[in-house]
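J.: After the structure tokens below, expect a handful of questions from me.
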Amino acid sequence: MVGFPALLGKIDVLNGGGYTDRQRHLILQRAVNQLPPDEKREVMALARSTGGDPIQDIIKTNGFGVEVEGVPHMALFTVGSRVNHNCRPNVFWRYSKRHMAMEVVALREIQAGEEVAHSYAPLGYTRAERQEMLRAWGFECRCAMWAAPAEHVALSDSRRERLFEIHHTLSSHASEEETDGERLIHARVDQLVSEALTLIAQEELHPQVVVYCALFARAYMAIGDLALARKYVALSEENWILYGGEEHDNVDGIRLLWEQLAEAEADVDD
């Protein structure tokens, strides 16, 4: 699914910007009144959570932060806003700056009759962390993962916590800090990489590979295995494009990672 913004405005219209409440209300009311009747009805039917001015409530509850020529804006996409939350989502959102479009892309094959759902909370959060964030949206999750037996929830949380521990260990290693009093050896890096990939698969946190593959690349650079470092830089870039599009948020970060790898390879050649 692809959608374009029904409403788009500078973010300071909602957050101060020198406007009075009445001015803000009139600006937003005029914008909504200019929409075609069907689209206006769709906008006004969207969920609310904050109270107060109805249009501001709808935008704050359903809007997406985007940039237009480097200026922060708030965009309201009726297509993406109607996708409900699930702790184990089957789709993700991808924004195209070039086309100013929001794409809803499948993470896996979606069965007939299955609800299309996205995670409102960052992937990798434990149940308690997800619960705290979702309360800000004004609802309690009731998905299958949320309603799972306590032992299943505990297992899921332990996997996610372990994944965070691995991230910390490899980050410290890649930045040449000491980890548990000594530098990691190749076999240990291999083991942590394998464990992290297994945990990501078990928890179905597939988009997180963009972060972890870059981390793996830096860890392998730190121990001088530039072949594996190159493999994971390429995988990180490939997955950033898959999950974020050609104009993803980490274009500069990936470019820097390639430059660091090239420098390391040049040092070996010297």
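J.: If only one of L26, L8 is assigned by TED's automatic domain parsing to the domain that holds V83 and under 27 Å from F92 (Cα atoms), which one is it?
T.: L8
Matching residues to (1) within 30 Å of R94 (Cα to Cα); (2) at pLDDT below 95; (3) of a type outside the set (F, W, Y):
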| site | (1), (2), (3) |
| --- | --- |
| M145 | yes, yes, yes |
| S171 | yes, yes, yes |
| R183 | no, yes, yes |
| H186 | no, yes, yes |
| H206 | yes, yes, yes |
| V210 | yes, yes, yes |
| F216 | yes, no, no |
| A229 | yes, no, yes |
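J.: Right, another one. M74 versus (1) within 20 Å of A136 (Cα to Cα); (2) of a type outside the set (F, W, Y); (3) in contact (Cβ under 8 Å) with a residue 60 or more places away in the chain; (4) not in a strand (DSSP E or B): which is the lone unmet condition?
T.: (4)
J.: List, please: which pairs have Cβ atoms under 6 Å, are six or more places apart or on different chains, and start with a residue in region 200-222 that is of a type in the set (F, W, Y) and end with one that is buried (at least 23 other Cβ atoms within 10 Å of the Cβ)?
T.: Note: pairs meeting the criteria are Y212/A196; F216/Y232; Y220/A229.
J.: Looking at (1) within 25 Å of N250 (Cα to Cα); (2) surrounded by fewer than 16 Cβ atoms within 10 Å (Cβ to Cβ); (3) acidic (D, E), which one does E103 not meet, given that it meets all the others?
T.: (2)
J.: Something else about it: Can you report the number of residues in region 108-132 which are in a loop (DSSP other than H, G, I, E, B), surrounded by fewer than 17 Cβ atoms within 10 Å (Cβ to Cβ) and not acidic (D, E)?
T.: Number of matching residues: 7.
J.: While we're looking at this one, here's another question. I'm checking my understanding of the structure. Among residues of region 40-66 that are exposed (fewer than 14 other Cβ atoms within 10 Å of the Cβ) and over 27 Å from the mean Cα position of the chain (by Cα), which one is nearest to D12 (Cα to Cα)?
T.: If we take residues in region 40-66 being exposed (fewer than 14 other Cβ atoms within 10 Å of the Cβ) and over 27 Å from the mean Cα position of the chain (by Cα), then G52 is nearest to D12 (Cα to Cα).
J.: Also, I was wondering about something else. Which condition breaks for E176 when tested against (1) farther than 27 Å from A128 by Cα; (2) at pLDDT below 95; (3) in a helix (DSSP H, G or I)?
T.: (3)
J.: For region 155-166, how many residues meet the condition of being out of contact with any Lys or Arg (no Cβ under 9 Å at 6 or more places or on another chain), of a type outside the set (K, R) and closer than 23 Å to Q131 by Cα?
T.: Selection size over region 155-166: 6.
J.: Inspect region 142-151 for any residue being without any contact (Cβ under 8 Å) to a residue 40 or more places away in the chain, loosely packed, with under 12 Cβ neighbours inside 10 Å and not in a loop (DSSP other than H, G, I, E, B) and give the result as yes or no.
T.: yes
J.: Do we have R41 as in the same structural domain as R82 (by TED's automatic domain parsing), under 15 Å from R82 (Cβ atoms) and modelled with pLDDT under 85 here?
T.: Judged against the criteria, R41 is not a match.
J.: Working carefully through the options R135, R160, R230, find the one that is under 19 Å from the mean Cα position of the chain (by Cα) and surrounded by 13 or more Cβ atoms within 10 Å (Cβ to Cβ).
T.: R160
The values are calculated or read from the model by the stated rules, or taken from the named source; none is laboratory data. This structure is a prediction, so every number in the text was calculated from the model and none was measured. Positions of Cβ are generated from backbone atoms using ideal geometry, with glycine treated the same way; all protein chains shown enter the neighbour counts.
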